[in-house]
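Here's the structure, in structure tokens; my notes come after.
The values are calculated or read from the model by the stated rules, or taken from the named source; none is laboratory data. Because the structure is a prediction, the values reported are computed rather than measured. Note: ideal-geometry Cβ built from the backbone for every residue, glycine included; neighbour counts use all protein chains shown. For accessibility, only protein heavy atoms count, side chains too; no ligands or nucleic acids. Shrake-Rupley method; radii C 1.70, N 1.55, O 1.52, S 1.80 Å.
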Amino acid sequence: MIQIECPFCGKRDQSEFSYGREGQITFPALNADENSWYDAVFLRKNTYGRQIETWQHTHGCRSWLLVERDTVTHKIFSVKLAHTDWQEQIKKTT
Amino acid sequence: MNPLRKKNQSRTDNVEENVIFFFWNNKKYFANKGDSIAAGLLANNQHVIGRSFKYHRPRGIMSAGVEEAGALVTIGNGAYTEANVRATTTELTQGLSVYSQNAWPSVKFDIGSILNVFGKFFAAGFYYKMFMGIPPFEWGRGTKIWMFFEHFIRKAAGLGQSSRLPDPDCYEHMHTHTDVLVIGTGPAGLQAAISAAEEGKDVLIVEQDYAIGGSYLSQPDTVELETQIEVLKKLRVTILTRTTAFGLYDDKTVGLVQVMPAKEYKTSSKKPRQQFNICRAEKIILATGAIERSYAFINNDLPGIMSVSSARTYLNRFNLLLSKNIVISTNNDSAYETAIELENAGATITILDAREQIGNKLLQQIAGLRINLYLGSGVVKAEKGLNTSSIGKINLVEFANNKWRYAGNLSCDCLLISAGWSPVIHLASHQGYPINWNEENACFLSSGDNKSIFLIGSARGIWTKAGCIQSAKEIFQYNSRKKHKPSTVIGGWETPLAPLYEICLHNIKGKAFVDPQHDVTSSDIRLAYQEGFISVEHMKRYTTLGMATDQGKMGNIIGLALMAEALNCSISEVGVTRFRPPYTSISLGALAGRNRQSHFKPIRRTPFNNFSIQNKGVMINAGLWHRPWYYPMESESLEAAYIREATVTRRSLGICDVSSLGKIIIQGPDSTEFINRVYTNPFAKLPVGKARYGIMLRDDGLVFDDGTTWRLSENCYLMTTTTDNAFSVMARLEELLQVRWPDLSVQVTSVTDQWGGCALAGPNSRNLLTKIIDDPNEISNESLPFMGIKQVLIQNVPCYVARISFSGELAYEVYIPSDYAQSMMEFIWENGQKFECCLYGLEALGTMRIEKGHLTNAEIDGRVTIQDIGLSKMASSNKDYIGKVLKNREKLTDSDRPQLVGIFPKDKNKTFKAGALLNEAGYSNGHPLGWVTSVTFSPALGHWIALGFITGGLAYVKDKNIVLSDELRSNFLDVEIVSPQMYDPEGLRLHG
């Protein structure tokens, strides 16, 4: 069972978190064309190896996180807050 | 075989106070404290312990450890029954009841053993080949013949039966963090724990047995073991016995299960029977030892045949000399140590060594002892003795001109086998560390990652005690940052072993077992080869080799070797199947721990829960929620109750608990923009003090959830969601705000539990509200119009009132702070008595919403578009929102998609159920036109009605005859398809 280092709560068991989706997806503008929405919603890289993915600390501070994880070894390389401003602020305070 | 208990020995002294009694198949026997069940049975001359899985052959004790494939028993009575317990690893306690398995009427005379006579028909895959269609013409193929026979086949096969009573014991979960975890307490494990503790590490050492010591316990002298344990205790190392490390998982996590000794959990119910322990360690040292293998020869499963090392364990640990006259068949040096000890204990030994020569040191050691040595020799067949089910005679072979040939027979009542050792590499395999075949020592080896996972001792293929201890010391002699390069030599015997997996002669026939627990024979493996199941994964599944509770600890390698021989390749080319946790079977109770019943699925109670129960509400589970279902008067049935509740509500007044709806506060300068992007319909111009019904879509354009959102102030909203989606809508909003639109300045907070919601519905609802509210002017038709919301004081408590309606009547939802909910509800109910008034539950709520064509998750099931549910008018074309683009995908906009409709039976007396299919008359088979989602009796209309979906909707089926068919319940009727707004379609009642 992997552990994830939540920037607010510290190292916690995977069971406190929910997996979100692949983190490299950039959702297009709400009025973008159908093809770019189709790509964002339905096409997945299904990476073998290192990838960025979103997780939520559901049973904790409820932050959405960007987790860089190896899908083969489950090794986690980095965890940061998905909210860009919050991540900046937490960097400053720590 | 008649085992003798030696007297006055150290560990299990035969003094009176150390004698305990136990029951074997209801007969009382005596044993020594500290005996395993197997030792106790051997001491009482009980050799047939169970019957085999398939052929019902008598099975005895084959080992003294976890690899045991023969002596499986059931222990305990009633609810405490535990089946398939290994007699070899379970401690005998005072008064324990032990039973044999898979035998009827008794283990000595078992009717099922008739199967053995026809055994040659019962090869691998037999049942499937035979009963899927009976040869030669596959009679019955494709019929239910298999189902018929399966019943009997299952009855004949199998192991013990567990109790059907609920488990009375409790189980605990815990988490452990440690610097170093050592698994196994043999010479290597103890040394590793000591070396780690001397470095100042926090060390946990676990042992699956009930005694600490591993192979030390099988040695004649215990001084060294006692010294090591003393050192460990001084170093404050945590030692857990009866604790199995059953699996190695990601991130250096080990699953441990600790079993409490029987006497402790029964005297105090507070103590858990087993403890499931998730252990995280910086370093994990696998000192898991090795398991001695057998080889295949005919009748190698007879009681009285055992591994060499187990005879040593019974001799030194349990003071039991198995027989006065012992034959040992071996192919390696390890058996000689045992032979010498058995001889010293008074036995005469015959060694059959498959090798043609052995080293001088060994020869010197046995010189002058009562040990007869035959080199180049082995056993081809065992035969049972007269008047016994156990072994009585063996047929010998000798090795000449590169092949075996018959060499007469020998009477023998105890045969010990050693055909090499298999290191326990299971845990390393769980994590996928490489496993390599070592030709010289004929075993699979793994070395972990040598950074944080290490294998030491015989688990790494080191056969000498000194070598094992050295391998443990080595790990800590290296700087922990560098990769460990072990220097200890693998192996360590004077003469290498001669690979030995099977001895057979073409003219001697019979069954030679590879996997004795699943009755897999050497001919089954050859059959698998012949039929093309040559990959190990295929062979395993075809023959079931290694799929029994022992997971092939003894037999797997023989199976691989036989396949390699058939394929004419090496074992490393055949490969090995990856081991999966658990290493030994663990109980489901331990996995569940305290997460049982309401601790597994906690109950959510609304703030009105006590009120509902006081008023005789019958509760129903809705997800985790307990919600009032109906409020029966006297002996009223569910149906009578909900019809009455709905009728009274439409006629006068009803009160309903709606607290379980999700409630989310949305605040911030950008909250209007945010809500506008989330819902399909416009919210930008929603005035303060008003609510609006909204639909939200998923990214892919399908409907996600619906609910009302109230504008409490300029930048503050209360969003309500369906009960089912409360959790996922919240997570979704958080994702949007944190991941997708971090530029929006909005905060969301769930306040579901902070407010009790109560619906007042019916023509008298405003009249009631007038009576309870502090300032009745606030809720007049003018000051609180339809869809208006207002903060009001009730009994001086600030509450929210919203004029919204799910029932279609003039109705209000009153939101009361949870702490006041109970007393406030009593106050409302008291005032309600001034009118004709009732409490209504979920069933009546459902009835009224179906009459109105309002939606729940029965309709919004994740497959429907906003057009399908008839709300396309709510999809704004003037703004952008989530799902807007993809909802217009091809096929999602087709007019012949199933659309929401109402359904009436043509014969108004007929009833039907949800899940029924809709078809055009004459087309009752194949793909249906539609289906029924929600059904109720409508008191307002006086007959059964339903909501459902039908291809093309009302327009398509206008002139067609539609038939409802419920094949499962054989219910077929003609129906009329109508608008989903079946009652008061103009909404006149809504406005009172």
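Rg to Rh for segment B:36-107: what is it, with Cα atoms only and Rh by Kirkwood?
0.93
Obtain the nm distance between the two label points defined at B:Ser728 and B:Leu165 by a simple spin-label model: each point lies 7 Å from its Cα along the Cα-to-C-beta direction.
Label at B:Ser728, label at B:Leu165, 4.2 nm between them.
Using 20 Å as the Cα-Cα cut-off, could you pick out the over-long pairs in A:Lys80/B:Lys451; B:Lys381/B:Lys403; B:Lys54/B:Lys511; B:Lys6/B:Lys553?
Pairs exceeding 20 Å: A:Lys80/B:Lys451; B:Lys6/B:Lys553.
First measure r as the distance between the Cβ atoms of B:Glu986 and B:Leu954, then evaluate 1/(1 + (r/R0)^6) with R0 = 25 Å and state the FRET efficiency to the nearest 0.05.
Rounded to the nearest 0.05, the efficiency is 0.90.
List the GluC sites (Glu not before Pro) within segment B:772-812 that DSSP assigns to loop and that have no more than 11 neighbouring Cβ atoms inside 10 Å.
B:Glu782
With unit charges on the beta carbon (Lys/Arg positive, Asp/Glu negative), name the residue among B:Ser750, B:Ile675, B:Ser713 whose Cα is farthest towards the positive pole of the charge dipole of segment B:662-751.
B:Ser713
Which order do the peptides B:597-609, B:458-470 come out in when sorted by mean C-beta neighbours inside 10 angstrom, highest first?
Per-residue mean Cβ counts within 10 Å order the peptides as B:458-470, B:597-609.
Enter the mean number of other protein chain beta carbons within 10 Å of the beta carbon of each residue in B:730-743, as an integer.
Rounded to a whole number, the mean comes out at 5.
Magnitude of the Cβ-charge dipole of segment B:307-459, K/R +1 and D/E -1, about the Cα centre, nearest 20 debye?
Using Cβ point charges on Lys, Arg, Asp and Glu, segment B:307-459 gives about 340 debye.
In segment B:893-992, if the dipole is taken from +1 on Lys/Arg beta carbons and -1 on Asp/Glu beta carbons about the Cα centre, which of B:Val935, B:Val975, B:Ile903 is farthest to the positive end?
B:Val935
Across every pair of different alpha-carbon atoms, what Kirkwood hydrodynamic radius in Å does segment B:736-887 reach?
18.2 Å
Per-residue ellipticity at 222 nm for the protein assembly as shown, helices alone: DSSP H runs ≥ 4 residues times -39500 (n - 2.57), over residue total, nearest 500 deg cm²/dmol?
Value at 222 nm, helices only, nearest 500: -6000 deg cm²/dmol.
How big is the Kirkwood radius of segment B:662-751, worked out from every pair of different alpha carbons and given in Å to one decimal?
Over segment B:662-751, the inverse of the mean reciprocal pair distance is 12.8 Å.
If you count, for every residue in B:881-887, the Cβ atoms of partner chains within 10 Å of its Cβ, what is the mean?
Whole-number average of other-chain Cβ neighbours for B:881-887 is 4.
Go from 0 up to the bin containing the longest alpha carbon distance in segment B:815-888, width 10 Å each, and give me the % of pairs per bin.
Pairs per bin, as whole percents: 13, 27, 24, 22, 13, 1.
Given charges of +1 on the Cβ of Lys and Arg and -1 on the Cβ of Asp and Glu, with all other atoms neutral, how large is the dipole of segment B:662-751 about its Cα centre, in debye to the nearest 20?
For segment B:662-751, the charge dipole is close to 320 debye.
Kindly state, to the nearest 0.05, the FRET efficiency for B:Val978 paired with B:Asn878, given R0 = 22 Å and r defined as their beta-carbon distance.
Step by step, r from the Cβ atoms, then E = 0.10.
I'd like the interface area for chains A and B: accessible area of each alone minus the complex, both sides summed, 1.4 Å probe, protein heavy atoms only. What is it in Å² to the nearest 100?
Looking at A and B, the buried total is near 2500 Å².
Please work out the average accessible area per residue across the protein assembly as shown, using the 1.4 Å probe convention, and give it in Å².
Ligands and nucleic acids excluded, the result is 44 Å² per residue.
Placing +1 on the Cβ of each Lys and Arg and -1 on the Cβ of each Asp and Glu in the protein assembly as shown, which of B:Asn595, B:Ile205, B:Gly492 has its Cα farthest towards the positive end of the resulting dipole?
My answer, from the dipole projection, is B:Gly492.
Mind listing which trypsin sites (Lys or Arg not before Pro) in segment B:939-992 are in a DSSP loop and have 10 or fewer other Cβ atoms within 10 Å?
Loop-located and lightly packed - B:Lys958.
Given an 8 Å cut-off on Cα distances and at least 6 residues of separation, report the relative contact order of segment B:585-672 as a percent.
Reported relative contact order: 19 percent.
Throw me the Rg/Rh for segment B:893-992, computed over C-alpha atoms with Kirkwood Rh, two decimals.
Taking Rg over the Kirkwood Rh, I get 0.98.
What ratio of Cα Rg to 2.2 N^0.38 Å holds for the protein assembly as shown?
Relative to the 2.2 N^0.38 Å estimate, the protein assembly as shown comes out at 1.19.
Other chains' Cβ within 10 Å of A:32-40 residues: what's the mean?
Rounded to a whole number, the mean comes out at 3.
So how strong a dipole does the protein assembly as shown carry about its Cα centre when Lys and Arg Cβ are +1 and Asp and Glu Cβ are -1, to the nearest 20 debye?
1660 debye
Starting from the 7 Å offset along Cα-to-Cβ, what nm value, one decimal, do you get for the label separation of B:Gln791 and B:Ala622?
The answer from the label model is 2.8 nm.
How high is the relative contact order of segment B:738-858, in percent, counting Cα pairs under 8 Å that sit 6 or more residues apart?
26 percent
Run the reach check for B:Lys690 against aspartates and glutamates, Cα to Cα strictly under 16 Å, same-chain hits fewer than 8 apart removed. What comes back?
By straight Cα distance, B:Lys690 reaches B:Glu714, B:Glu778, B:Glu782, B:Glu813.
What FRET efficiency comes out for B:Ile665 versus A:Thr47 if R0 is 41 angstrom and r is the Cβ-Cβ distance? Round to the nearest 0.05.
0.60
For a quick protection proxy, order the peptides B:811-818, B:510-517 by their average other-Cβ count within 10 Å, most packed first.
Highest mean packing first, the order is B:510-517, B:811-818.
What's the angle, to the nearest 10 degrees (0 to 90), between helix B:726-735's Cα axis and the longest principal axis of chain B?
90 degrees
How big is the Kirkwood radius of chain A, worked out from every pair of different alpha carbons and given in Å to one decimal?
Hydrodynamic radius (Kirkwood, Cα pairs) of chain A is 14.4 Å.
Over segment B:662-751, calculate the relative contact order: mean separation of alpha carbon pairs under 8 Å at least 6 apart, over the residue count, as a percent.
Relative CO of segment B:662-751 lands at 40 percent.
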